[in-house]
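In what follows, a structure is listed as structure tokens, so that the remarks can point back to it.
The values are calculated or read from the model by the stated rules, or taken from the named source; none is laboratory data. Fair warning: this is a prediction, and the values are worked out from it, not measured in the lab. All Cβ positions, glycine included, derive from the backbone under ideal geometry; neighbour counts span all protein chains shown. Heads up: the accessible areas ignore ligands, DNA and RNA and are worked out on the full protein's heavy atoms, side chains in. Shrake-Rupley method; radii C 1.70, N 1.55, O 1.52, S 1.80 Å.
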Amino acid sequence: MNRVAMQIRLSHIEEIKFVDNTQNYKCDLKKDNVHVGFSVQLSPDIKQNCTDILLGVHYDIKKEDRKTSILEYKINVTFEIEDMIEYILIEKNRISVKPELLTIMLSVSIGSLRGMLVMRTKNSDFENYPLPLVNVTELVSKIRHPSWYENTIHPFFKFRYQ
């Protein structure tokens, strides 16, 4: 069956975790190298035609040869997808998602994370450290090759402010 368009709907966004440790670790964000890492977890429910994407970002600094997380933020984004079984395949805990669907979901999720992080870090030390831009098309082509496993968090992007 040739489908002209996917029927997908963003149904819910929820903040899961926000931790700002700048006060505990006495860092100078202007002098210390700040590394930004992302993680993603996909949890599809084929019977309900919906999937959750748990998307996280963490800002780390390296001091005294030790990596310290100074900010961590996670959100859960829920999508409803008509006939989801046509786009997502689950076999023995391995998840395969068609690239057109994964691109849409990651674009929306990363944009949501960026906006929510801006609101959470307003008037804080992180106000001038926005979430880096991500080429989602390139990202999807990279992450489609390795196996994705249900309920496993995969780091998928790293960035460093200097």
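For the stretch 1-138, the share of accessible area belonging to carbon and sulfur comes to 47 percent (1.4 Å probe, ligands and nucleic acids excluded). Legend: distances between Cα atoms for LYS17/LYS63; LYS47/LYS98; LYS17/LYS122; LYS17/LYS98; LYS62/LYS122; pairs beyond 22 Å are LYS17/LYS63; LYS17/LYS98; LYS62/LYS122.
Rounded to the nearest 0.05, what FRET efficiency is calculated for ASN24 and ASN128 with R0 set to 25 Å and r the Cβ-Cβ distance? My answer for the efficiency is 0.80.
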